[in-house]
Amino acid sequence: MPAAKGAAAAENSAPRALLHFALLLLAWTGAWLLYLALQHAWPALSAGTPERVWWLSAKLLIWLAPCAFVLLREQRSSGRPWAAVLEDLGLGPGSLRRGLLWGLAAALLIAGLYWLSLPLGLRVLSSQWPEVFGAVALLGSLQAPLLEELLLRGFFQPRLERGYGRGAAIALSGLLFVALHLPGWYFQGQLAQPTLWLPLSLSILAIGLLCAWLRQRSNSLLAPVIAHWVNNLAASLLALP
C-alpha cells in the first residue's frame, strides 16, 4: 500500500509541477505589469540598484518562496530527512565533485564556441572586457543562473522526471526555460520582432536543454549553474560593440 501511494504521488507530481509553473508565469507577468506602472511614477526604478533590487525581490518572492513552501510541506508530510530533500534538488554534497567536473567541461565547450564566434579584434583585446569579467560583474552575473537553475533544474525537473521520465523532463525543462523569458520579451517589445526573438528563443532553448541534460547526467545543480553562468558571460562579451 505505501508503495502504491508513492507511485501515485510520483505520477501526480508532474501535472502539479506544470500547474505550479503556469501560476508562477502568471505572477511573473503581474510583476512586469507592476514594474511598468511604478516606472511611470518613479523613473529611477528602471536603472541601477533600484531595478536590480526590484527583480531580485520579485524572483525570490514569486519563484523561490512558493517552492520553499512546497518543499517544507512535502518534507513534513513524508518525514524525509533534509539531506534527501537537498539531494533531490541537486544540492547534495555527494554529487558536488561530479557536478563541478561536468560543469567545467560544459563551460570549456561553451567558451570555445563563443570564442570562435567573436571577431578577431575582440578576441585579442577589448577595453570593455573588465565590464564583463570584473569581480563585481562576475558576482552580479551569477545571480540569474543560480536562481533560474535552482527553480527549473532544482525544483521542477525532478518532479517532471518522476512523472514523465528523463527524456521528457529534459525537453520540458528546456521549454519552461524559454517560457520563463516570454513576459520580459513581450513587455520589452522583442516579441514584435521575429528576427530577434526567434533566434533568441532557439539559443535559450539550446542552453536550457544542455543545462537540463547536465543536471540529469551529474545529479548536481552545480553543473548547470556553471554552464549557464559561462554562457551568459560569453553572450555579454559577444554583445560588446
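The values are calculated or read from the model by the stated rules, or taken from the named source; none is laboratory data. Quantities reported herein were computed from a predicted structural model and do not represent experimental measurements. Note that we place each Cβ from the backbone using ideal geometry, even for glycine, and neighbour counts take in every protein chain shown.
The set of residues in the stretch 228-238 being modelled with pLDDT under 85 and either touching a helix residue (DSSP H, G or I) at 6+ places or on another chain (Cβ under 7 Å) or on the phi > 0 side of the Ramachandran plot (or both) consists of LEU233, ALA234, SER236, LEU237, LEU238. Against the criterion of being at pLDDT 95 or above, among the aliphatic types (A, V, I, L, M) and either over 21 Å from ILE207 (Cβ atoms) or in a helix (DSSP H, G or I) (or both), LEU104 qualifies.
Scanning the stretch 183-202 for residues that are in contact (Cβ under 8 Å) with a residue 12 or more places away in the chain and under 17 Å from the mean Cα position of the chain (by Cα) returns PRO183, GLY184, TRP185, LEU200, SER201.
Conditions tested, residue by residue: (1) in a helix (DSSP H, G or I); (2) at pLDDT below 95; (3) touching a strand residue (DSSP E or B) at 6+ places or on another chain (Cβ under 8 Å).
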| position | (1), (2), (3) |
| --- | --- |
| GLY174 | yes, no, no |
| PRO183 | yes, no, no |
| SER201 | yes, yes, no |
| ILE226 | yes, no, no |
| LEU240 | no, yes, no |
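Taking the numbered list (1) crowded, with 21+ Cβ neighbours inside 10 Å; (2) over 19 Å from PRO66 (Cβ atoms); (3) not acidic (Asp, Glu) in turn, ARG153 passes all entries but (2).
Residues are listed down the side, and each one gets a yes or a no for (1) surrounded by 14 or more Cβ atoms within 10 Å (Cβ to Cβ); (2) over 20 Å from the mean Cα position of the chain (by Cα); (3) at pLDDT 95 or above; (4) not in a helix (DSSP H, G or I):
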site: LEU61; (1), (2), (3), (4): no, no, yes, no
site: PRO66; (1), (2), (3), (4): yes, no, yes, no
site: ALA83; (1), (2), (3), (4): no, yes, no, no
site: GLY94; (1), (2), (3), (4): no, yes, no, no
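So which of ALA47, ALA17, ALA41, ALA22 ends up being of a type outside the set (S, T, N, Q), closer than 20 Å to LEU182 by Cβ and either modelled with pLDDT under 95 or touching a helix residue (DSSP H, G or I) at 6+ places or on another chain (Cβ under 6 Å) (or both)? From the options ALA47, ALA17, ALA41, ALA22, the qualifying one is ALA17. Beta carbons closer than 9 Å, at least 6 apart along the sequence or on distinct chains, never pair a first residue in the stretch 56-83 that is in contact (Cβ under 8 Å) with a residue 12 or more places away in the chain with a second that is among the hydroxyl-bearing types (Ser, Thr, Tyr) and assigned to a loop (DSSP other than H, G, I, E, B).
Scoring ASN12 on the criteria (1) modelled with pLDDT of 90 or more; (2) part of a helix (DSSP H, G or I) leaves a single failure, condition (1).
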